[in-house]
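Shown next, in structure tokens, is the structure this report addresses.
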Amino acid sequence: MTRRRAPSELARLGAPLARVLDGAWRRTHWWLALLALLYAASGITVIRPDEIAVVLRWGRLVGDAAGTQIHGPGLLFALPRPVDQVVRVKTKYVWELPIESLSESPQHPAYGDTLDPLLVGYALTGDQNVVHVSVKASYRVRDPADWAFYGPKSDEILRVEVDAAMVRSLGEMGVDHVLSDGRKLLIAEATRRAQEGLDAAHSGLALVSLELIGLRPPSALADDFDAVQSAFIESETKRKNAQAYAQDVVPRAHASADAAVQVARADAAAAGALANGETSAFLALHREYSHNPAVVRERLYRDGVEKALGLAQAVRWIPPASKSQGQHIRVMVAPDPAGGRRPPSPPVPPPQNPEEDP
Amino acid sequence: MADEVTAQRWLRAITGSAALLAIAFSATALVVHEGQAVLVTRFGRPVRADSAPGLHWKLPWPIDQAIWLDLRRRVYEGGHTEMLTRDKKNVIVRTFVVWRVGDPLAFAQSIGSEGDAEGKLDGLLTNAAIGTLGEHDLSAIVSTNPEDLQVDRIEQELLAATAPVARSSYGVEIEQIRFERIALPEENVRAVFDQMRAERRQYAAKFRAEGEREASRIRSEAELEAARIRATGAEQEARIRGQSAAEVAKVYADAHRIDPELYRFTRSLDSLDKLVTDQTTLILRTDAEPFSLLQTRETR
């Protein structure tokens, strides 16, 4: 016969606890199973369209190359913590950061004839002039692993790298170049340098753009800079006025020269036509004259004299001169009452008396 | 019934073991993430640092304890420091440093926390900046002449002056030092303003003079061009008129050649017609036509 051993003191003391645990187990074991299942599925993660994700397994990045480390949008099956940890990063979103450490702050506007470098931000240009500059940096995450695990804080590194790039780029350009046509170059150089710095710091950030919000000389010198601007505008106005004058005077000269040439051509054509007309008339007359010279001559002479007699103010008749005296008729032209000058009258050849003609 | 009891026992055993394993795991496992290092101390004495990401082990508390360190790069901005350049110009410089914990064990032993690290870096940086800038002119950091500029070299010199000390003494790796600010002391800014003002006046005068000169040049060139155009026109006009006169003369000469006497006669009549006006007094001989008609043949 076997004799049951008496229960030990420990078992006797633990019996109520065992009963409680046993009861709890009976009531909750299915719930525990459900919790275990939920825990096992807790690593499944949804990656949104603007995100990419990297997975850490026991803290180490899964995948050797950047291509295999990155998981795009969709469902990502990972193991539950602490085995796997999914880090989601918004890589398409463009963040913006205003950087105003090199400009006047509203709390410390710069008036007066000097600037306290601790209170008022400014940069020196290459020709040791003072300018205030403020920019807005737009950036996004390019390398999620560097950005999430190794890079410095985004805002901090961006601010100092952009400031350094701006100080460096301004420090090699003259103030006039910077304030006029050099802005584009300034931004290009500052962006390049800032990106180099961000890459060297393993920030994982890509600078999308740098935008100049303000770039101006100190307030104390604003009037002097404005005066240069006015002088420049004045000079441009003078130049443009001169160009307008040139654009007026040259075409006008062309027009006047062309008009003179056209008038000369017209006069030439008219003179040619007149000459041809008169010559044609003369030839016609000559044809008639060659048939009957005396009659034609007589008629022409009479017509001419009659016309002249009809026109003249007065006619005086004088007896014929002796042989020794002048045999010419002289046509005396009375002075023009209007005071106009008339060409001296050429001597008119004496008409030959038709009766004296053979 | 007996099967159910056995299954229940197994389930209990598995659950219990899992709970025990979880407790043991959490007491001994160290999960080192990317960008982290863990320093293991045994009874307070640092024994090793694990900086490779992954699973590491330690003895349970209270024997071993783990201290996590962040290996991410950090930015430290120095203070504004006034210094003298080689050409005896006062300049205020502010630099920033990008640094990280390079040797976790050395870092933990010599510094302990991040705040202290920045204090040490500040001292290193100020000394290096004063020493390095004292060997360069101001034109090495701001100049419009690219040959004078030596900013890259100065930054490399600053790095060379600080990085080895930071590495060996504090376990800190300095990766980048750059000028964040270059400014002038307040009293020097006044002189710079005066100089800028004088420059502006000079520029204003220059612009005005240039505008004047340019406008005058454009005007005189235009006038010259206009005169040239007019002269060309006049020349062309004279040529046309001359040519026309020659042609007309030739036409009349041809007519004249046919019968010079008749030609002269008709031209004289034409002239008479043109010359006699209502102001003219004609004096004619009585034996001239047509008065001669009144005379007898005998008297003639």
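Filter the chymotrypsin sites (Phe, Trp or Tyr not before Pro) in the range B:185-214 to those in DSSP coil with at most 16 other Cβ atoms within 10 Å of their Cβ, and list the result.
Values: sites: B:Phe193, B:Tyr203, B:Phe207; in loops: none.
Passing sites in the range B:185-214 do not exist.
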Nearest-0.05 FRET efficiency for B:Arg201 and B:Asp122 at R0 = 30 Å, using Cβ-Cβ distance, is 0.10
Helix B:151-165 vs. chain B, principal-axis angle (Cα, 0 to 90°, nearest 10) | 0
Top of B:Thr41, B:Thr132, B:Thr266 by mean-square fluctuation, Gaussian network on chain B, Cα under 10 Å | B:Thr266
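In which sequence would B:Asp259, A:Asp50 go, from the one with the fewest C-beta neighbours within 10 Å to the one with the most? Write down the numbers at each step before the final one.
Numbers: B:Asp259 18, A:Asp50 12.
If I rank by nearby Cβ atoms, fewest first, I get A:Asp50, B:Asp259.
Where does the charge balance sit around B:Ser169 when Lys and Arg score +1, Asp and Glu -1, over other residues with C-beta under 15 Å from its C-beta? Provide the component values of the computation, followed by the final result.
Numbers: positive: B:Lys120, B:Arg167; negative: B:Asp103, B:Asp116, B:Glu118, B:Asp122, B:Glu173.
Counting the neighbours of B:Ser169, the net charge comes to -3.
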Summing Lys, Arg as +1 and Asp, Glu as -1, what charge do residues with Cβ under 10 Å from the Cβ of A:Glu96 carry, A:Glu96 excluded?
-> 0
Dipole in debye (nearest 20) - chain B, about Cα centre, beta carbon charges: Lys, Arg +1; Asp, Glu -1 | 180
Rounded to the nearest 10 degrees, the helix B:2-28 long axis (Cα) sits at an angle to the longest Cα principal axis of chain B of 70
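Could you put A:Leu283, A:Leu38 in order, starting from the residue whose Cβ has the fewest other Cβ atoms within 10 Å?
Values: A:Leu283 13, A:Leu38 10.
Ordered by Cβ neighbours within 10 Å, fewest first: A:Leu38, A:Leu283.
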Once you've got the Cα coordinates, tell me which of A:Lys92/A:Lys153; A:Lys184/A:Lys240; B:Lys250/B:Lys274; A:Lys238/B:Lys206 are over 20 Å apart.
-> A:Lys184/A:Lys240; B:Lys250/B:Lys274
Once every DSSP H run of n ≥ 4 in the protein assembly as shown is given -39500 (n - 2.57) and the sum is divided by its residues, what mean residue ellipticity at 222 nm do you get, rounded to the nearest 500 deg cm²/dmol?
-> -17500 deg cm²/dmol
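Compute the signed sum of charges (Lys and Arg +1, Asp and Glu -1) over the other residues within less than 14 Å, Cβ to Cβ, of A:Leu119. Walk me through the numbers before you get to the answer.
Working: positive: B:Arg94, B:Arg181; negative: A:Glu100, A:Glu104, A:Asp116, B:Glu186.
Taking every Cβ under 14 Å from that of A:Leu119, the sum is -2.
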Scan around A:Met173 for amide H atoms under 5 Å from its own, H built in the peptide plane at 1.01 Å from N, and keep only partners 5 or more places away or cross-chain.
-> A:Gly126
Among B:Leu133, B:Val47, B:Thr6, flag the residue with its Cα farthest along the positive direction of the charge dipole of chain B, charges on Cβ as +1 for Lys/Arg and -1 for Asp/Glu.
-> B:Thr6
Positive-end extreme of charge dipole, the protein assembly as shown - chosen from B:Ile218, B:Ala288, A:Gly121 (charges on Cβ) = A:Gly121
Short version: ³J(HN,Hα) in whole Hz for each residue of the range B:36-51, in order, from phi by Karplus 6.51 cos²θ - 1.76 cosθ + 1.60 (θ = phi - 60°), x for Gly and Pro, what are they?
-> 10, 9, 10, 9, 9, 10, 10, 6, x, 9, x, 10, 7, 10, 10, 10
What residues from the range A:242-263 fall in the zone where the backbone N is under 20 Å from a label point 7 Å along the Cα-to-C-beta line of B:Arg217?
-> A:242-250
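If you put +1 on each Lys and Arg Cβ and -1 on each Asp and Glu Cβ, how big is the dipole of the protein assembly as shown around its Cα centre, in Debye rounded to 20?
For this selection, approximately 2400 debye.
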For A:Val208, the residues 5 or more places away or on another chain with a placed amide H closer than 5 Å to its own amide H are A:Ser138, A:Tyr139, A:Arg140
What is the fewest-to-most order of A:Asp176, B:Asp116 by other Cβ atoms lying within 10 Å of their Cβ?
-> B:Asp116, A:Asp176
Charge dipole (debye, nearest 20) of chain A; +1 at Cβ of Lys and Arg, -1 at Cβ of Asp and Glu = 2300
Within chain A, which DSSP H helices have Cα atoms that stretch 20 Å or more along the helix axis and a mean Kyte-Doolittle hydropathy of at least -0.5?
-> A:9-41, A:154-170, A:222-291, A:293-311
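Coordinate-derived values only; no laboratory data. In this text, all values refer to a predicted model and were calculated from it rather than measured experimentally. For neighbour counting, all protein chains shown are included, and Cβ atoms are generated from backbone atoms with ideal geometry for every residue, glycine included.
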